[in-house]
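Have a look at the structure below, then the notes.
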Amino acid sequence: MKKLISAIIGLLAVCALLAFGAHNLQASSGSNGSKILNLYTWGDYIDPSLLTKFQKQTGYHVNVETFDSNEAMFTKIKQGGTSYDLTVPSDYMIEKMKAAKLLLPLDKKRLTGMQNYDPRFMNLAFDRHNKYSVPYFWGTLGIIYNDKFVQPGSIQHWNQLWQKKYRNQIMLIDSARDVMGFALASNGQSMNTTNPATLLAARNKLNKLSPNVKAVVADEIKMYMIQNEAAIAVDWSGEAAEMLAGNSHLHYVVPTEGSNLWFDNLVIPKTAKHFKAIYAFLNFMSEPQNAAKNAEYIGYATPNQKAKTLLPKAIRNDRQFYPDNRTISHLQIYQDLSPELVGLYNDRYLEFKMHH
Amino acid sequence: MQRKQKLTRNTAYFVPYTLWIVLFVIAPVILLIYQSFFNIDGQFTLGNYQTYFTSSTYLMMTVNSVWYAFLITLATLLISYPTAYLLNETKHPQLWLLLIIMPTWINLLLKAYAFIGIFSQVGIANQFLSFIGIGPKQLLFTNFSFIFVAAYIQIPFMVLPIYNAVSELNPSYVNASRDLGATPWQTFSRVIFPLTLPGVKAGIQAVFIPSLSLFMLTRLIGGNKVITLGTAIEEHFLTTMNWGMGSTIGVVLIIAMVIIMWLTGGSKRRPRKGLTK
């Protein structure tokens, strides 16, 4: 009898716990009606305090889900299982999603604050007239160096990476498009070349770089550079910003002869459902003080020129992350290549990695 | 009547097993082989195989993979055999075995990151080298560190089967061999090693095959200075979306594994009963 009673008490306790848990889960996933917005974005790519502010101002609760590559995001949106309202693809992926008819055009009448954006970052080839996308952040591909091992200012160009004195000193980001890209840029070629011979020449040039290459790694590059493991790295500006925050000896350079210019823009995928919330959020993020707060938190460059004027002087005048017009004019945006060409870029890149 | 019931119950026991094998072993392999005959546009082709066997890159990568897998297996074997043998001599072999297996409870990624810390410029290994006066050396991103870490991860899988074989070895054979005047080396090479060979073969299979397609360690510890077929498969499935080519490499790996199984599993003949116990 005693056993039975304790069993019943135990059961009741478990039930109560489950009910409490379910209630909590429901509250946090905001399934209580339509006052929500499902944002699908890169990990740690929005200041959480802005989400609270947005909810206070408008009453919409933002559910954030994250992805770690454009391709993974593409596959998930294409499957269409989840009703994502907004997502943040990069330039070439916007082109690809457009072609796959995964995007809904923006209703310009409902957008306010589009005039806050720098006209240099609007109406670009991957989305003419910003029919589908609102700029979120932009950045570059460049060289990070440690002034303990490299004389400050002595690296300005891609070709300087090939110097003999940097033997076994350079770390590269493990990305076919970017490594092939800087080799192409160093040869004065387009980073979107479709010419197999040009790609072959770029690979041959990279092969000559391999004595200087210490490792080809991914996210770990940040940790290594902060720990002074290597003197030089080739990586994106966003990653560089994080490294610079972790080690005051590091500097970031965008080669003036040309490099990659990338954009992450907010778009409405075809899975969207909560349109009122979407436009409220887009307009909220276009407000200069919000965009500035976000840029300060993330460390990437904001395309919102009114927001930029609100940033501390040290940030907005930082040539590392806001390069001058002349450099920007030499930067190239990746285009969406055909699957065959993506294969070719990757094959050449794999051959370079095989080369010792 | 009762017998019939027992029979159906026995078949019922096989249902989960068969389902598992069909769904998670046979079906994926068939899908992989099927996929390997399609090019990036989804057309049926033998081109993937042609590309593989005519491309010096892929052939080099295959040679690389086999070579590194061989080195890893050799290093693992050289460490594991004496370990397993000595383990059997200790008082509490089960306890020691538990300690050897313990690292497998820890996530592989975590262990790899721990080694990054140990081998880095300011890591413990280099501090020790500086302390004894050799000075810091580049340890990360070398073939040595790659093989070291891979062997470290594989050792438990080699020790277990060898230990089982060694513990089944009847000590009276060793004694008899000594009594009959064999030298220690003769005892080992003529008696102990042949009798524990099944364990060694099982260990080699358990280590060599996964080593062929290591890809995370090649990047984290090898810094992509060591390229194996696993790297190419990852690239084809995640970046180029050329699943056909990725599957082709997968099929080649499966064939390589079958060859290894066949080479190491050669004699299926069980040793005579009297020999084992």
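In region A:269-322, which trypsin sites (Lys or Arg not before Pro) are in a loop and have at most 13 other Cβ atoms within 10 Å, using DSSP for the loop call?
Details: sites: A:K270, A:K273, A:K276, A:K293, A:K306, A:K308, A:K313, A:R316, A:R319; in loops: A:K270, A:K273, A:R319.
For trypsin sites (Lys or Arg not before Pro) across region A:269-322 that sit outside H, G, I, E and B with at most 13 neighbouring Cβ atoms in 10 Å, the list reads A:K273, A:R319.
Count, for each residue of A:346-355, the Cβ atoms from other chains sitting within 10 Å of its Cβ, then give me the mean as a whole number.
Values: counts 6, 10, 1, 2, 10, 6, 1, 10, 10, 3.
Going residue by residue through A:346-355 and averaging, the value is 6.
Rounding to the nearest 20 debye, state how big the charge dipole of region B:56-276 is about its Cα centre with +1 on each Lys and Arg Cβ and -1 on each Asp and Glu Cβ. Walk me through the numbers before you get to the answer.
Details: 13 positive and 5 negative charges, 105 e Å.
Value, rounded to 20: 500 debye.
Using helices alone, what [θ] at 222 nm do you get for chain A, with -39,500 (n - 2.57) per DSSP H run of 4 or more residues, divided over all residues and rounded to the nearest 500?
Values: 14 runs with 155 residues, N = 356.
Calculated at 222 nm, the ellipticity per residue is -13000 deg cm²/dmol.
Report, by chain and number, residues whose modeled amide H sits under 5 Å from the one on A:Y334, excluding near sequence neighbours (fewer than 5 apart, same chain).
Excluding prolines and chain starts, which carry no amide H, the hits are A:L261.
Sequence-distant or interchain residues sharing an amide H contact under 5 Å with A:H249, placed H: which?
none
With n ≥ 4 as the cut-off for DSSP H runs, can you work out [θ] at 222 nm for chain B, using -39500 (n - 2.57) per run divided by the number of residues, rounded to the nearest 500?
On the way: 14 runs with 196 residues, N = 277.
Estimated from H runs of four or more residues: -23000 deg cm²/dmol.
Semi-axes of the equivalent ellipsoid of region B:131-271: what are they in whole Å, largest first, if each equals the square root of 5 times a C-alpha gyration tensor eigenvalue? Display every interim value, and only then the final one.
Details: eigenvalues 291, 117, 19 Å².
Output for region B:131-271: semi-axes of 38, 24, 10 Å.
For chain B, what D do you get in µm² per second when you plug the Kirkwood radius from alpha-carbon pairs into Stokes-Einstein at 4 °C and 1.567 mPa s? Kindly include the intermediate steps, with their values, before the conclusion.
Values: Rh = 22.1 Å.
Calculated translational D: 59 µm²/s.
Among B:L197, B:P136, B:N175, flag the residue with its Cα farthest along the positive direction of the charge dipole of region B:56-276, charges on Cβ as +1 for Lys/Arg and -1 for Asp/Glu.
About the Cα centre, the residue reaching furthest to the positive side is B:N175.
In the protein assembly as shown, what percent of the accessible surface is made up of carbon and sulfur (1.4 Å probe, ligands and nucleic acids excluded)?
Of the solvent-accessible surface of the protein assembly as shown, carbon and sulfur hold 64 percent.
Which net charge results when you count Lys and Arg as +1 and Asp and Glu as -1 among the other residues whose beta-carbon is under 10 Å from that of A:K131?
Working: positive: A:K98, A:K108, A:R128; negative: A:D127.
Computed value for this residue: +2.
Tally Lys and Arg at +1 and Asp and Glu at -1 over the other residues with C-beta under 13 Å from the C-beta of A:E220: what net charge comes out? Display every interim value, and only then the final one.
Details: positive: A:K214, A:K222, B:R219; negative: A:D174, A:D219, A:E229, A:D235, A:E239, A:E242.
Local charge sum for A:E220: -3.
Report, in debye and to the nearest 20, how large the dipole of the protein assembly as shown comes out about its Cα centre when Lys and Arg carry +1 and Asp and Glu carry -1 on their Cβ. If you can, show how the numbers build up before the last one.
Details: 56 positive and 36 negative charges, 369 e Å.
Its charge dipole is roughly 1780 debye.
Can you work out D for region A:181-273 in µm² s⁻¹ from Stokes-Einstein, where Rh is the Kirkwood radius over C-alpha pairs, the temperature is 20 °C and the viscosity is 1.002 mPa s?
Numbers: Rh = 15.7 Å.
Approximately 136 µm²/s, per Stokes-Einstein.
log10 I(q)/I(0), Debye, Cα-only the protein assembly as shown, no solvent, q = 0.05, 0.12 Å⁻¹?
Result of the Debye calculation: -0.32, -1.35.
Please report the relative contact order for region B:56-276, taking Cα pairs under 8 Å with a sequence separation of at least 6, and give it as a percent rounded to a whole number.
Details: 230 pairs, mean separation 58.2, N = 221.
Relative contact order here is 26 percent.
Could you list the trypsin sites (Lys or Arg not before Pro) in region A:137-232 that lie in coil according to DSSP, counting only those with at most 11 other Cβ atoms within 10 Å of their Cβ?
Working: sites: A:K148, A:K164, A:K165, A:R167, A:R177, A:R203, A:K205, A:K208, A:K214, A:K222; in loops: A:K148, A:R167.
Qualifying residues, ordered by number: A:K148, A:R167.
Put one equal scatterer on each alpha carbon of region B:74-185, apply the Debye formula with no solvent term, and list log10 I(q)/I(0) at q = 0.14, 0.22 1/Å to two decimals.
Ignoring solvent entirely, the Cα scatterers give -0.74, -1.18.
For region B:85-138, state which trypsin sites (Lys or Arg not before Pro) are in a DSSP loop and have at most 16 other beta carbons lying within 10 Å of their beta carbon. Kindly include the intermediate steps, with their values, before the conclusion.
Working: sites: B:K91, B:K111, B:K137; in loops: B:K91, B:K137.
Loop-located and lightly packed - B:K91, B:K137.
Return the distance in nm (one decimal) between the two label points of a simple spin-label model at B:F144 and A:A13, each offset 7 Å from Cα along Cα→Cβ.
5.7
Thinking of region B:102-152 as a set of Cα atoms, what percent of all their pairs are more than 19 Å apart?
Details: 377 of 1275 pairs.
Pairs farther apart than 19 Å: 30 percent.
In vacuo Debye scattering of chain A, one point per C-alpha: log10 I(q)/I(0) at q = 0.08, 0.09, 0.14 Å⁻¹?
-0.46, -0.56, -1.18
Once the other residues with Cβ under 10 Å from the Cβ of A:A176 are scored (Lys, Arg +1; Asp, Glu -1), what is the net sum?
On the way: positive: A:R177, A:R348, A:K353; negative: A:D174, A:D178, A:D347, B:E235.
So the environment of A:A176 carries a net charge of -1.
Only four residue types carry charge here, +1 at the Cβ of Lys and Arg and -1 at the Cβ of Asp and Glu. Report the dipole size of chain A about the Cα centre in Debye, rounded to the nearest 20. Before the final figure, lay out each step's value.
Working: 38 positive and 30 negative charges, 128 e Å.
Computed charge dipole of chain A: roughly 620 debye.
Take the Cα radius of gyration of region A:226-356 and divide it by 2.2 N^0.38 Å, with N its residue count; two decimals is plenty. Before the final figure, lay out each step's value.
On the way: Rg = 18.4 Å, N = 131, 2.2 N^0.38 = 14.0 Å.
Ratio of Cα Rg to 2.2 N^0.38 Å: 1.31.
Give the ranking of A:D178, A:D107 by solvent-accessible surface, highest area first, calculated with a 1.4 Å probe. Present the calculation step by step, with values, prior to reporting the outcome.
On the way: A:D178 10, A:D107 55 Å².
From most accessible down to least: A:D107, A:D178.
The values are calculated or read from the model by the stated rules, or taken from the named source; none is laboratory data. Source: prediction; values computed, not measured. As a convention, Cβ positions derive from the backbone with ideal geometry for all residues, glycine included, and neighbour counts pool all protein chains shown. The area values use the complete protein model at the heavy-atom level, side chains included, leaving out ligands, DNA and RNA. Shrake-Rupley method; radii C 1.70, N 1.55, O 1.52, S 1.80 Å.
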